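Single-structure report; data block below.
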Amino acid sequence: MYKAVFFDMGNTLSRQRPSREEVMVDFLQGKGYDFAVRDMAAAFLAADLFFYDWAQGTPYPRRESLDLQAMWLGYSRTFLESLGLDHNDGWHQEMARVFDSAVQRRHTALFPEVLETLDALKAKGLKLAVVSNWDNTLEDHCRELGLTRYMEVVAASQVVGSDKPDAGIFRYVLEKVGAAPQEALHVGDIYPADVVGARNAGITPVLVDRYDLQPQADCLRVRSLWEVVGLVK
């Protein structure tokens, strides 16, 4: 029986508006390419996985002293190659500016099903928490989006001193909510951070896969957060 549900923040609970996918669809349509939002989601997933591979070897304290240009170049190259586009196209510098603004904008909205999902989980008596690779602005971010009243704990990796997929951040939250690992679910959108991290701590992972891009994932998988309510017995 589950006593707690943990959530990742970015692209699990919160999102940009308009979404980064919508911004890039519009830009590339202006260049004569007919991509769908799902195509952009697949390309961003590939780029996000590139980033998390880089991030595992580069914790927050080290990032502050690094020139991140090479990382962002690799991120954008991965994004373009997954769409079959040449990174050296003549308009790539213009695209880079749009791309950077699309990716790095603040998340100012919640996914549509978030509040009703949290309400339903709270009604079941579950303890809820945010577990996110984020800086020390995470609590303010939750407050701005109206999430604070739902959460027993808001754990930012930079504050806790442990990045997903390290088990430390999960163990920190388990202790705070008074749950054993087998009594918790963790819900997130990035397999190497959220699924691997939850398993490292003995927690059951749930992968958010809104565009059905990861059918091969060897874990529970949902298209909408509302489906999490049905997983809690």
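The values are calculated or read from the model by the stated rules, or taken from the named source; none is laboratory data. Since this is a predicted model, take the numbers as computed values, not measurements. Heads up, the Cβs are rebuilt from the backbone with ideal geometry, glycines too, and the neighbour counts pull from every protein chain shown.
Numbers below:
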item: Residues located in segment 115-132, provided they are more than 14 Å from the chain's Cα centre (by Cα) and either surrounded by 14 or more Cβ atoms within 10 Å (Cβ to Cβ) or farther than 14 Å from Val228 by Cβ (or both); result: Leu115, Thr117, Leu118, Ala120, Leu121, Lys122, Gly125, Leu126, Lys127, Leu128, Ala129
item: Residue list for segment 105-120, restricted to those being modelled with pLDDT of 95 or more and among the charged types (D, E, K, R); result: Glu113, Glu116, Asp119
item: Only listed residue being assigned by TED's automatic domain parsing to the domain that holds Asp8, surrounded by fewer than 17 Cβ atoms within 10 Å (Cβ to Cβ) and of a type in the set (D, E, K, R), chosen from Asp166, Asp100, Asp140; result: Asp140
item: Residue count, segment 196-211 (criterion: over 10 Å from Arg223 (Cα atoms) and either out of contact with any strand residue (DSSP E or B) (no Cβ under 7 Å at 6 or more places or on another chain) or not hydroxyl-bearing (Ser, Thr, Tyr) (or both)); result: 10
